[in-house]
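The values are calculated or read from the model by the stated rules, or taken from the named source; none is laboratory data. All values reported here derive from a predicted model rather than from experimental measurement. Positions of Cβ are generated from backbone atoms using ideal geometry, with glycine treated the same way; all protein chains shown enter the neighbour counts.
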């Protein structure tokens, strides 16, 4: 049997007086129109760190299109070729380029850069890092030799 504390009997012998409210009857007070709860604007969806980077890596590994814009690259090629040329031209104009030649230059330049970044990534991994730094690119170019081919 559970132990319980005995109830003390009232000492006065008078019934307890209940305190109550005034009776309003059937009248009800109108409820105030409360403003809707302030809702905070929904936060935009954020992916976990690294998810978007991995998605971009997969996207660029699948694609075969050129990554550099064609017109800025063509301007760069023309500017460098005009600066490097020491020949005096008959009409005083810089050398002219065919569009297919500029596209071939762009393909070769992008292939060179991709291969260089692959080697620089290996250098960074060897140094127990995941971030490519300038010294990784310098080391990759130094290991490649003076011609720095795609081999």
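Taking the numbered list (1) surrounded by fewer than 13 Cβ atoms within 10 Å (Cβ to Cβ); (2) modelled with pLDDT of 95 or more; (3) in a helix (DSSP H, G or I) in turn, residue 83 passes all entries but (2).
Please verify whether residue 73 is closer than 30 Å to residue 50 by Cα and surrounded by 12 or more Cβ atoms within 10 Å (Cβ to Cβ), treating the condition exactly as stated. Against the criterion (closer than 30 Å to residue 50 by Cα and surrounded by 12 or more Cβ atoms within 10 Å (Cβ to Cβ)), residue 73 does not qualify.
How do the pairs read when you match residues in segment 94-120 that are under 17 Å from residue 145 (Cα atoms) with residues anywhere that are outside any helix (DSSP H, G or I) and modelled with pLDDT of 95 or more, using Cβ under 6 Å and keeping only pairs 6 or more apart or on different chains? Correct list of pairs: 120/132.
Could we say that residue 41 is outside any helix (DSSP H, G or I), surrounded by fewer than 10 Cβ atoms within 10 Å (Cβ to Cβ) and modelled with pLDDT of 90 or more here? Judged against the criteria, residue 41 is not a match. The residue of segment 127-144 that is surrounded by the fewest Cβ atoms within 10 Å (Cβ to Cβ), among those that are more than 21 Å from residue 54 (Cα to Cα) and without any contact (Cβ under 8 Å) to a residue 24 or more places away in the chain, is 134. Being in contact with a helix residue (DSSP H, G or I) (Cβ under 6 Å, 6 or more places away or on another chain) and either modelled with pLDDT under 95 or within 24 Å of residue 68 (Cα to Cα) (or both), is that true of even one residue in segment 123-131? No, segment 123-131 has no match at all.
Quick check: is even one residue across segment 62-79 at positive phi, part of a loop (DSSP other than H, G, I, E, B) and modelled with pLDDT under 95? Checking segment 62-79: not a single residue is at positive phi, part of a loop (DSSP other than H, G, I, E, B) and modelled with pLDDT under 95. So which residues in segment 90-124 are surrounded by fewer than 10 Cβ atoms within 10 Å (Cβ to Cβ) and either on the phi < 0 side of the Ramachandran plot or in contact with a strand residue (DSSP E or B) (Cβ under 7 Å, 6 or more places away or on another chain) (or both)? Result: 90, 91, 93, 96, 98, 99, 100.
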